[in-house]
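Report on one structure; see the data block that follows.
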Amino acid sequence: MSTQRGSGPRRVTVAELREMKRRGEKIAALTAYDYLFARLVDGAGVDVVLVGDSLGQVILGLDTTVPVTLDDMIHHARAVRRGVERALLVVDLPFLTYQVSREDALRNAGRVLQETGAQAVKLEGGSPEIADTVAALVRAGIPVMGHLGFTPQSVHVQGVRVQGKGEEAAERMMAEARRLEQAGAFSVVLELVPGPLAAAVTESVSIPTIGIGAGVGCDGQVLVLHDMLGLNTGFNPRFLRRFADVGQAVTDGVGEYVRTVKDGAYPGPEHTFE
Ligand code: KIV
């Protein structure tokens, strides 16, 4: 018997993601930052919608995710929540909202769940301190997704490059993934990680790995919506596949609108109230 109350489609749960890994079903995740796109993405069948702090770049026009605030995340996540009925909704904890103290992390992650209606948070890193924070959040009832490899909030330390190259770095990432698993994270994003290492991490942990620039061996895939739809045309990393050319469709549609307004073809009599 289902223990979920209320109407509407049944929501994907963190337990179901683990079950998908067990039976070898790939997990499809995408970012969303507003109500309408969230509705489209959810309706198209993704399993996980992530309100990523990548909204700093693709929505706010910032250079990095570092200036994104908790209020930015909550504002966008509330809109996304209204559009998502089925997918598991995960929200990024932005820079310095979970690194300073465990109390901060609990309060800020709690705000995200209470004020947005999301089911989980994501945070970056796999150090013992971060793992302690993950464990405290999970004990408080807050599901946590980890994020290893290139961690954009550390861009000024890491640079933008593939992580985990070389034996020592690979062993470190493996240890971090196991640490997050032991701390109770329900899943981990692997970003810009060599394919063989991502596959080895995926083999060695029981929680699902979600890759972005991490090859074919992960349990699932995530992309930034605006990148895969061809809206963010200046961004062309090797791992990205464009699944649509929405940017060109917008340019064509708006160009046609401007032409028809200027030459008087729009609006016409058929658009006019008598
Ligand atoms: O912020 C984000 O969109 C992310 C994904 C790229 C995984 O963290």
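Brief remarks on what is shown
Listed here are the residues, each with its yes/no results for (1) within 14 Å of the ligand (Cβ to nearest atom); (2) open to solvent by 10 Å² or more (accessible area, probe 1.4 Å).
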| site | (1), (2) |
| --- | --- |
| D53 | yes, no |
| L60 | yes, yes |
| P67 | yes, yes |
| P94 | yes, no |
| D104 | no, yes |
| Q114 | no, yes |
| I130 | no, yes |
| M145 | yes, no |
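- Among the residues of region 198-228, those that are within 12 Å of the ligand (Cβ to nearest atom), surrounded by fewer than 23 Cβ atoms within 10 Å (Cβ to Cβ) and assigned to a loop (DSSP other than H, G, I, E, B) comprise G213, V224.
- Test for T260: is it under 24 Å from I59 (Cα atoms), open to solvent by 20 Å² or more (accessible area, probe 1.4 Å) and of a type in the set (S, T, Y): no
- Elements of the type helices (runs of 4 or more DSSP H) sitting completely within region 63-164 and holding at least 1 residues that are touching a residue at least 12 places away in the same chain (Cβ under 8 Å) and within 15 Å of the chain's Cα centre (by Cα): these cover 70-83, 102-116.
- Residue check: E176 meets all listed conditions (1) more than 28 Å from V41 (Cα to Cα); (2) surrounded by fewer than 21 Cβ atoms within 10 Å (Cβ to Cβ) but one, namely (2).
- Here P143, P128, P94 are screened, and the one residue that is farther than 20 Å from V205 by Cα, out of contact with any Pro (no Cβ under 8 Å at 6 or more places or on another chain) and assigned by TED's automatic domain parsing to the domain that holds I210 is P94.
- Residue in region 232-244 that is more than 30 Å from R23 (Cβ to Cβ) and either hydroxyl-bearing (S, T, Y) or touching a Phe, Trp or Tyr at 6+ places or on another chain (Cβ under 8 Å) (or both) present: yes
The values are calculated or read from the model by the stated rules, or taken from the named source; none is laboratory data. Quantities reported herein were computed from a predicted structural model and do not represent experimental measurements. Glycine gets a Cβ as well: all are built from the backbone with ideal geometry, and neighbour counts include every protein chain shown. Surface accessibility is based on the protein's heavy atoms, side chains included, excluding ligands, DNA and RNA. Shrake-Rupley method; radii C 1.70, N 1.55, O 1.52, S 1.80 Å.
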